[in-house]
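Undergrad: Got a structure here, written out as structure tokens. Questions coming.
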Amino acid sequence: MNIKNYINGNFHNPIQDNWLDNYNPSNGKIYGQIPDSTKEDVENAYISAKSAFPSWSQTTLDERSRILIKISELLEANLQRFAEAESKDNGKPVSLAKQIDIPRAASNFRFFGNAITQFASESHESIGQQAINYTLRQPIGVVGCISPWNLPLYLFTWKIAPALAAGNCVVAKPSEVTPMTAYLLGEICNEAGLPKGVLNIVYGLGGSTGQAIIEHPDIKAISFTGGTATGAHIAKVAAPMFKKLSLELGGKNPNIIFADCDYDDMLATTVRSSFANQGQICLCGSRIFVEHSIYEKFKTDFVNKVKALKVGHPSEKDTNIGALVSKPHLEKVKEYIQIAKDENGTVLCGGNEVTITDYENGYYLEPTVIEVQSDECRVNQEEIFGPVVTIMPFTNEDQVLQMANKVKYGLSATLWTNDLKRTMRMSNQLQAGIVWVNTWMLRDLRTPFGGVKASGVGREGGFEALRFFTEAKNVCIKY
Ligand code: TXE
């Protein structure tokens with residue numbers, strides 16, 4: 001199936017007629033092609049967005065909200081089709097896409113469709129100066145949204161929905177590795193009555209299509225989720241043009257387990273926070289630190305549970321771990337397992353590729369647990385972004401806090417304890433944008449989402465996202 005650029009409400013071949021292959025990770029086969037879009041395609045998308053802006057930015061909140069909620073309903077009505085498409089493109093179990101990716105993509109549209117009706121700005125009376133100030137929150141114009149391959153539709157819509165709700169028009173690019181559900185979204189937007197040109201989706205490589213978006217002089221804001229190196233590059237390109245930037249980048253998140261936690265809950269959740277989506281979630285707790293007194297017990301129980309996870313074809317109902325997203329990514333993750341061995345880490349389970357009958361060329365890897373000797377080894381410092389976690393014991397709060405913070409990243413942290421004072425102390429001191437206590441990935445879309453240090457700048461979610469996608473203008477009236 002060939003994917004086409006979605007520009008001005010229509011589907012177009014790329015101007016140069018160059019195409020890229022699209023792979024199915026579950027069997028390693030090419031199953032379609034996507035546009036290898038150039039600067040000219042991006043320019044067309046921009047022109048379409050620019051033409052739609054005057055009208056869209058003046059559309060009533062009621063009307064914008066109605067359309068966004070309609071998109072959400074149509075996504076829900078097409079759950080099975082979208083979940084299967086996401087799984088085929090990404091390798092994730094269909095069951096996961098059905099339970100998480102697609103419902104959350106629908107929630108993004110519903111949430112921001114509602115949120116915009118509640119978004120208000122401030123007014124300040126300058127007492128004694130006979131003046132009143134009020135702040136306008138105006139849409140920026142044409143904005144760029146660039147998303148990664150791990151949660152394709154979920155993260156794509158996480159940017160697009162607030163951008164549209166705030167009255168902007170969008171030029172968006174999904175990852176070239178997982179373009180399919182973005183393509184299907186175009187059809188749904190038409191069906192929902194989103195006016196032509198309000199959303200434009202171009203497909204292609206980061207270095208060319210993505211680059212054309214970030215260096216476009218009139219695309220004034222970029223919302224990006226992806227690797228830290230790409231984020232740094234985008235910041236460099238965007239800074240001299242004074243673009244607004246929201247960058248959600250990599251993570252190497254600590255999962256800190258104290259002996260006083262609810263053990264069974266912790267164990268079940270830790271399996272999930274380690275290996276959900278084949279470990280390809282920026283929020284996964286890939287560094288597990290366990291209090292010394294329960295370390296040996298945890299090690300045995302955790303490894304047993306991980307060994308019981310079924311690696312299988314994404315369409316099978318009992319599959320826990322599907323395929324990794326691409327061959328190069330599989331190779332990257334395998335390299336890290338070798339690095340761990342070279343660094344004297346002990347592979348407690350996993351570490352090998354898995355061959356599945358009839359799908360021998362799929363990108364399958366066993367969930368892998370590595371016991372490390374030092375928190376400073378490479379596998380404990382660098383983002384692997386696959387089904388690989390490290391474990392090591394700690395003796396006290398100060399020590400684990402220091403280890404948790406001693407990485408370049410700062411996206412999320414998970415803490416397992418029933419000690420309230422310790423919870424408060426540690427939550428204050430963990431260098432992260434998000435701290436989960438006795439849970440993981442429990443999301444409320446009103447909360448700020450993003451990281452510190454090399455995990456990015458800016459916050460998404462709730463009114464933070466609506467603030468990002470608007471410019472504040474103060475009007476001061478003397479009376
Ligand atoms: O991401 P890229 P990659 C991490 C993870 C992974 C690593 C690299 O560790 O192994 O990043 O993954 C677009 N201008 N994360 O290489 O390249 C690209 O086309 C504009 C964590 O796949 O950052 C895609 O749409 N755009 C992350 C998007 O950026 C450019 C999720 C992300 O791809 C561009 C994914 C450019 N010059 C990977 N170059 C998370 N935070 O969840 C690339 N792109």
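Each value in this text was obtained by applying a stated rule to the coordinates, not by laboratory testing. Quantities reported herein were computed from a predicted structural model and do not represent experimental measurements. Note that each Cβ is placed from the backbone with ideal geometry, even for glycine, and that neighbours are counted across all protein chains shown.
Undergrad: May I ask you to sort L164, L74, L415 by Cβ crowding, counting other Cβ atoms within 10 Å and putting the fewest first?
TA: L74, L415, L164
Undergrad: For the chain, what is Rg from Cα atoms divided by 2.2 N^0.38 Å, rounded to two decimals?
TA: 1.00
Undergrad: Size of the dipole of the stretch 426-479 about the Cα centre, Lys and Arg at +1 and Asp and Glu at -1 on the beta carbon, nothing else charged, in debye to 20?
TA: 180 debye
Undergrad: Could you let me know the centre-to-centre spacing of the stretch 321-374 and the stretch 397-469, using Cα atoms, in angstrom?
TA: 28 Å
Undergrad: With a cut-off of at most 15 other beta carbons within 10 Å, and DSSP calling the residue loop, which trypsin sites (Lys or Arg not before Pro) in the stretch 280-363 qualify? Please list them. Could the numbers behind the result be given before it?
TA: Details: sites: R287, K297, K299, K305, K307, K310, K317, K332, K334, K341; in loops: K310, K317.
Answer in residue order: K310, K317.
Undergrad: To the nearest 20 Debye, how big is the dipole of the chain about its Cα centre, given +1 on the beta carbon of each Lys and Arg and -1 on that of each Asp and Glu?
TA: On the way: 47 positive and 51 negative charges, 216 e Å.
For this selection, approximately 1040 debye.
Undergrad: Please list, by residue number, every one of the chymotrypsin sites (Phe, Trp or Tyr not before Pro) in the stretch 229-288 that is coil in DSSP and has at most 12 other beta-carbon atoms within 10 Å.
TA: When the chymotrypsin sites (Phe, Trp or Tyr not before Pro) of the stretch 229-288 are filtered for loop state and at most 12 Cβ neighbours within 10 Å, F242 remain.
Undergrad: A further question on this structure: Pick out, from T395, Y409, S57, the residue whose Cα sits farthest towards the positive end of the charge dipole of the chain, with +1 on the Cβ of Lys and Arg and -1 on the Cβ of Asp and Glu.
TA: Towards the positive end, the residue furthest out is S57.
Undergrad: Counting just the Cα atoms, what span does the stretch 1-126 cover along each of its three principal axes? Round to the nearest Å and put the largest first.
TA: Largest to smallest, the principal-axis extents are 65, 38, 27 Å.
Undergrad: A further question on this structure: So what's the angle, to the nearest 10 degrees on a 0 to 90 scale, between helix 152-165 and the longest Cα principal axis of the chain?
TA: Its long axis makes an angle of about 30 degrees.
Undergrad: Set Lys and Arg Cβ to +1 and Asp and Glu Cβ to -1, take the dipole of the chain about its Cα centre, and tell me which of Y154, A212, F385 lies farthest positive.
TA: Of the candidates, A212 comes out farthest on the positive side.
Undergrad: May I ask for the distance between the Cα centers of the stretch 111-150 and the stretch 178-246, given as a whole number of Å?
TA: Between the Cα centres of the stretch 111-150 and the stretch 178-246 lies a distance of 21 Å.
Undergrad: Run the paramagnetic zone check for Y479: 7 angstrom along Cα to Cβ, then residues of the stretch 125-165 with backbone nitrogen under 14 Å.
TA: Those under the cut-off are 125-134.
Undergrad: What pairs from K39/K244; K159/K478; K39/K252; K220/K406 go past 29 Å between their alpha carbons?
TA: From K39/K244; K159/K478; K39/K252; K220/K406, over 29 Å: K159/K478; K39/K252; K220/K406.
Undergrad: Hey, another quick one. Which one, G450, T300, M1, is farthest towards the positive end of the dipole of the chain when Lys and Arg carry +1 and Asp and Glu -1 on their Cβ?
TA: About the Cα centre, the residue reaching furthest to the positive side is G450.
Undergrad: What does the stretch 263-374 give for Rg and for Dmax, in Å, if only its C-alpha atoms count?
TA: Expressed in Å, the Cα Rg and Dmax of the stretch 263-374 come to 14.2, 45.
Undergrad: Rounding to the nearest 20 debye, state how big the charge dipole of the stretch 304-346 is about its Cα centre with +1 on each Lys and Arg Cβ and -1 on each Asp and Glu Cβ.
TA: Charge dipole, the stretch 304-346, about its Cα centre: 180 debye, nearest 20.
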